[in-house]
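All remarks here apply to the structure that follows.
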Amino acid sequence: MPLVRFDMLKGRSPETIQQILQITHEVMVAAFDVPARDRYQIVHQHEPYEMVVEDTGLGIPRTDKVVVISLVSRVRTVHQLKQFYANLAERLSAAGLVDKNDLMINVSFNNDQGWSFGQGKAQFLDGSL
Amino acid sequence: MPLVRFDMLKGRSPETIQQILQITHEVMVAAFDVPARDRYQIVHQHEPYEMVVEDTGLGIPRTDKVVVISLVSRVRTVHQLKQFYANLAERLSAAGLVDKNDLMINVSFNNDQGWSFGQGKAQFLDGSL
Amino acid sequence: MPLVRFDMLKGRSPETIQQILQITHEVMVAAFDVPARDRYQIVHQHEPYEMVVEDTGLGIPRTDKVVVISLVSRVRTVHQLKQFYANLAERLSAAGLVDKNDLMINVSFNNDQGWSFGQGKAQFLDGSL
């Protein structure tokens, strides 16, 4: 946890995608203060006509390199989320992987009882975590 | 925002999919009273064995044209949601794109802090929106 | 409802996937006490580099057969969720379909107004369900 989905157009190499995932994970671990192996990432690649990403009138120019990152997470503070957004945009753009204008993020909260990490157990409830 | 995912079987043309997305966007803008460019849509196409869509015993006949639309949104009123469901079914069926029996919709709410539309900012919190 | 998404690597046969879906549905119906036809399942298959599933330090070994199941549901009790997790892991592993260590589940709650099962109606609100 969190579960992190990445939606992007086809065209990046597996290596580039791996780099995006790695940086996202590092930024998430730092912002949310979670264990290093708290990593659950899923990538969906799309045809151009399968993604429409505009800007709510904010004047943010998008390219075909746009990435939409969707998290499901336990509750995080506003401060943690702002850190995550800002640092992720900074790191991904600095690495030449995703421009700051091409990064959209959304986060939904769920509850501790909503997670089973394996073995049929609810690890947030049974003292394992 | 909202983020809108469309799950459907493979087989429609890109043009048909574009029409479904366009109508869904128009209906959403009207029902939720959001900016015209508040458009974030992602399509997932599937093999027949990758989707099972029954009817909870409601007696709704499905075909291989079924579309499941999943939204993540700020809180919307019951009235807004009902408008969205009814108008979307009406418009998509009138256009011959999706039969009313083949349209399933689910909506989840998240919080204002759960959105970064670009540039690493939380635009609902910083006065941009 | 619930809407159930399955993310897994490519490689299983359609028949095997069908068995995973069938067992998941049976366990869900029993744990949540929902109608037999309350079945809405979507499968996403991925390349190896599109999924990273670690273990939050819990010491759960994963293989390339890992399955991530994501539900959106009305509110369920802790007891119902624990039953679902435990019984699903038991049934899928007993059938040789998914090892207990390869099953990760996450559940998010939404509201009754967040569902339209077809025909543009909100069936939890209009007395149909």
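Each reported figure results from applying straightforward, stated rules to the coordinates on display, with no laboratory input. Model, not experiment: these values are computed from the prediction. Heads up, the Cβs are rebuilt from the backbone with ideal geometry, glycines too, and the neighbour counts pull from every protein chain shown.
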Does segment B:80-103 contain at least one residue that is over 22 Å from C:V43 (Cβ atoms), in contact with a His (Cβ under 8 Å, 6 or more places away or on another chain) and not hydroxyl-bearing (S, T, Y)?
no
Just the residues that are in contact (Cβ under 8 Å) with a residue 60 or more places away in the chain and touching a strand residue (DSSP E or B) at 6+ places or on another chain (Cβ under 9 Å), please, taken from segment B:8-18.
B:M8
Hits in segment C:1-30 (condition: crowded, with 20+ Cβ neighbours inside 10 Å and either within 14 Å of chain A (Cβ to nearest Cβ) or assigned to a loop (DSSP other than H, G, I, E, B) (or both)):
C:M1, C:P2, C:L3, C:V4, C:R5, C:D7, C:M8, C:T24, C:V27, C:M28
Can you pull out the residues in segment A:70-129 that are assigned to a helix (DSSP H, G or I) and surrounded by 22 or more Cβ atoms within 10 Å (Cβ to Cβ)?
A:L81, A:F84, A:Y85, A:L88, A:A89, A:L92, A:D102, A:G114
Take C:T63 and decide whether it is surrounded by fewer than 21 Cβ atoms within 10 Å (Cβ to Cβ), more than 22 Å from A:R37 (Cα to Cα) and among the β-branched types (V, I, T).
no
Set A:N87, A:N111: member being within 13 Å of the chain's Cα centre (by Cα) and not hydrophobic (A, V, I, L, M, F, W, C)
A:N87
Candidates C:D64, C:D126, C:D112, C:D102 - the one that is among the charged types (D, E, K, R) and at the interface with chain A (Cβ under 10 Å from one of its Cβ atoms):
C:D102
Looking at C:G57, is it closer than 28 Å to A:E15 by Cα and either part of a loop (DSSP other than H, G, I, E, B) or among the charged types (D, E, K, R) (or both)?
yes
Residues of segment B:31-57 satisfying the condition of being more than 14 Å from chain A (Cβ to nearest Cβ), at negative phi and hydroxyl-bearing (S, T, Y):
B:Y49
Quick check on segment C:34-47. Is at least one of its residues among the aromatic types (F, W, Y), surrounded by 18 or more Cβ atoms within 10 Å (Cβ to Cβ) and not in a helix (DSSP H, G or I)?
yes
